[in-house]
Amino acid sequence: MRRKDDLGHWWTAGGMERAVIRIVRRLSPGFARRRITKKTRLHQDLGWDEWYVLRVAKPIRTTIHVGLEDRVVLAARTVGDLVGRVWNAMGGPA
Amino acid sequence: MLGALATSAAAGQPAPIGRWELLIGHSYSSARALMQPATLTLEKVEGAPLYSVLDVGALVRGSIAARSWLETGLRARAGSARTPSQRVFGAMARVYRELDPVLVAVGGEYQADGGFDVHALDATAELTPLGGLPGLGTWVSPAVHLRWRPWIGAAVGDGVRPYGRLSADWVQGRLEAGVEESLWLVSGSGRSFVKGDVSLRLVAGISVTISGELGRSPPTWEHTGRAGLGLGFRLAPGD
């Protein structure tokens, strides 16, 4: 299954998931890359505070081309949550 | 393979978000304060009645645009152990705008003392960097669970009061500790208020909390200092 980003590019679920995880890894210096998976909790495992999580919004806009509402980002509890919310915000399946 | 990945994305369906959400904590006065548990402390001194100390704030949050949201709330710093002039009741509304690399908040707040003798109505504007320095908004390292966050701003009411706020949190398992220092410039002189807490989480949202405060805070700027042990309660999306 594939979905379109806001610019009309097609993404597979796996490709989008890897892109989101790359963004989270870049914002988590010092953490072993393999430790960050879909199950990783943003607040408890990575120690992000309420506002730090907003740092994912801009790279998601610029690299995955999906504009998530900030409140949707604030509500994300895990990396998998973010992946699901980006996927849900993409256009319909091919 | 693609089907399996698509299924995995679908399986991780995030919980739907309501149009509005309710948060309850120590106070809405800052994100740090809201994440501190609301506390009820009872103090008994021989020969005196039972005293109470209550610190609680409630906040309702909802979207107004893709990169903006609105918060409105009430708070109380009360209890019979505090004199009426040391009690604070407040209400506020503020709008946040994410402008990565900073977050900006503008709003208005009404505050009164316990006897409603002193009132203050202020417009506020403040900002914080989202991150970018070690420990700013995120743990210093995977081994050191310490983080900090600064805010700078100004309140405009009967005069202009620039202020700064610095908070720090440390988390280790069920134990959390935090401190928040606020500094105001009022009519050319500095005022400071610091509060801190150490909480041991019993179950989600409920903790035993030691809390303390020292300094002068609006609207009366009366000097206060106290520490106590009580029951903490917090309602936040993560709890």
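Rule-based calculations on the coordinates, nothing more; no lab input. Everything numeric in this text was worked out from a predicted model, so none of it was measured. Heads up, the Cβs are rebuilt from the backbone with ideal geometry, glycines too, and the neighbour counts pull from every protein chain shown.
Some notes on this structure:
- The set of residues from region A:41-61 being within 12 Å of the chain's Cα centre (by Cα) and more than 7 Å from chain B (Cβ to nearest Cβ) comprises A:L42, A:V53, A:V56, A:P59, A:I60, A:R61.
- Residue, farthest from the other protein chains (Cβ to nearest Cβ), within region A:62-94, restricted to residues that are surrounded by 17 or more Cβ atoms within 10 Å (Cβ to Cβ) and farther than 24 Å from A:Q44 by Cα: A:I64
- Unique residue being within 18 Å of B:Q36 (Cβ to Cβ) and within 14 Å of another protein chain (Cβ to nearest Cβ) when the list is B:W139, B:W170: B:W170
- The criterion of at least 2 residues that are in contact with a helix residue (DSSP H, G or I) (Cβ under 7 Å, 6 or more places away or on another chain) and farther than 23 Å from B:V95 by Cα is met, among helices (runs of 4 or more DSSP H) falling completely within chain A, by A:13-26, A:79-89.
- Strands (runs of 3 or more DSSP E) within region B:177-239 that include 2 or more residues among the polar types (S, T, N, Q) and away from chain A (no Cβ under 14 Å): B:189-203, B:206-216
Residues are listed down the side, and each one gets a yes or a no for (1) surrounded by fewer than 17 Cβ atoms within 10 Å (Cβ to Cβ); (2) under 21 Å from B:T138 (Cα atoms); (3) free of Cβ contacts under 8 Å to residues at least 12 places away in the same chain:
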site: B:L166; (1), (2), (3): yes, yes, no
site: B:R191; (1), (2), (3): no, no, no
site: B:V208; (1), (2), (3): yes, no, no
site: B:R226; (1), (2), (3): yes, no, no
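- Taking the criterion of being part of a strand (DSSP E or B), over 18 Å from B:L103 (Cα atoms) and basic (K, R), the only residue of region B:143-176 that qualifies is B:R161.
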